[in-house]
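**Student:** Encoded as structure tokens, here's the structure I'll be asking about.
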Amino acid sequence: MKKLRQIWLIVVLMASAMGVSPAASRSEGSIDILGTWFVLIHYTDPDSAHPKATRWKDLVWVFAEKGSRLEWTEYPLVIFEDQTGRFEAIAGNPRSRVLQAWKPTPEQQQTLQKGPRVNERGARRKTLRGSKDGGWQSSRRRVQTSASVMGYHETLTIEGLQGLPLFQRQDVVGNAATRTEGEFTRYQVTQILGDGRRMQGRYEKDGRLTGTFEMRRTGAARGLKKQDKTPNERAAEALQRSLEASPDPSS
């Protein structure tokens, strides 16, 4: 028993030195990423008016098999009927993200478990080739074959599914004569929890935005209710009601 404790202590020390939790250092086969994931990012923006403020944004990722390929869908607009803690009204912007590390309330977590509601507007889908063992990658075809026409292309890769996954997105703009690397976003998992149902790690975008992220498995993504209005529409209505309720300065 004493020897086993010594071995475990060595494992913990090695994992700590590498910045990996003991739970994440254990590998029991590849991570199953198929399904729907709610992704919450906390980060700072050094070039903003509040460089030390913790900002947030959330996404929904859906991974699905398409024959021998993997389809990665990203929904950048996640809709909650209960917007508690997410937005605030400031001068000139009735719907501004709060400058703090928002996390879902218990009620919001229940909504996510039933299946997050997403707006199709802005959704991006990409098909990746590869395998669980070797990783997945979208096409790296040339941006544009004409020297007179600029083109855009994005490349997605998923690596490390046998241990700690790495999700990457790179945008490329250019033509046959020039090529400019655009935005480069990394989601490096450093800890796996809940039998693979939660993953946490480091977030980086363009070497400028840095922070952390957590992705949590949820129920299947759902679209907006037919009677639902978008958050912007609801915010505009709230602003209009506020203006109507305010006294008329000319009276």
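**Student:** I'd like to check something: does segment 144-156 contain any residue that is at pLDDT 95 or above, surrounded by 13 or more Cβ atoms within 10 Å (Cβ to Cβ), under 20 Å from the mean Cα position of the chain (by Cα) and assigned to a strand (DSSP E or B)?
**Tutor:** Taking every residue of segment 144-156 in turn, at least one turns out to be at pLDDT 95 or above, surrounded by 13 or more Cβ atoms within 10 Å (Cβ to Cβ), under 20 Å from the mean Cα position of the chain (by Cα) and assigned to a strand (DSSP E or B).
**Student:** Just checking, how many residues over segment 201-215 are surrounded by fewer than 17 Cβ atoms within 10 Å (Cβ to Cβ) and assigned to a strand (DSSP E or B)?
**Tutor:** Of the residues in segment 201-215, 3 are surrounded by fewer than 17 Cβ atoms within 10 Å (Cβ to Cβ) and assigned to a strand (DSSP E or B).
**Student:** Another question, if that's okay. For residues that are of a type in the set (A, V, I, L, M) and more than 21 Å from Gly223 (Cβ to Cβ), scanning just segment 26-83, find the one that is surrounded by the most Cβ atoms within 10 Å (Cβ to Cβ).
**Tutor:** So, considering only residues that are of a type in the set (A, V, I, L, M) and more than 21 Å from Gly223 (Cβ to Cβ), the one surrounded by the most Cβ atoms within 10 Å (Cβ to Cβ) is Leu70.
**Student:** Residues that are in a loop (DSSP other than H, G, I, E, B), of a type in the set (Gly, Ala, Ser) and more than 19 Å from Arg222 (Cβ to Cβ): does segment 89-98 have at least one?
**Tutor:** Yes, that holds for at least one residue.
Yes/no per residue for (1) under 23 Å from Glu154 (Cβ atoms); (2) touching a Leu at 6+ places or on another chain (Cβ under 7 Å):
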| residue | (1), (2) |
| --- | --- |
| Glu71 | yes, no |
| Glu81 | no, no |
| Phe87 | no, no |
| Ile90 | no, no |
| Val98 | no, no |
| Thr111 | no, no |
| Val118 | yes, yes |
| Leu128 | yes, yes |
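**Student:** Please identify the pairs in which a residue from segment 174-197 that is of a type in the set (A, V, I, L, M, F, W, C) has its Cβ atom under 6 Å from the Cβ atom of a residue that is surrounded by 15 or more Cβ atoms within 10 Å (Cβ to Cβ) and at pLDDT below 60, counting only partners at least 6 apart or on another chain.
**Tutor:** Ile192/Ala24
**Student:** Please count how many residues of segment 167-183 are surrounded by fewer than 17 Cβ atoms within 10 Å (Cβ to Cβ) and at pLDDT 90 or above.
**Tutor:** Residues in segment 167-183 being surrounded by fewer than 17 Cβ atoms within 10 Å (Cβ to Cβ) and at pLDDT 90 or above: 1 in total.
**Student:** What are the pairs with Cβ atoms under 6 angstrom where one residue, in segment 73-102, is among the small types (Gly, Ala, Ser) and the other, located anywhere, is part of a loop (DSSP other than H, G, I, E, B)? Sequence gap at least six, or different chains.
**Tutor:** The qualifying pairs are Gly85/Trp102; Ala101/Thr54.
The values are calculated or read from the model by the stated rules, or taken from the named source; none is laboratory data. As the structure is a prediction and not an experimental result, all values here were calculated from the model. With ideal geometry, Cβ positions are generated from the backbone for all residues, glycine too; neighbour counts draw on all protein chains shown.
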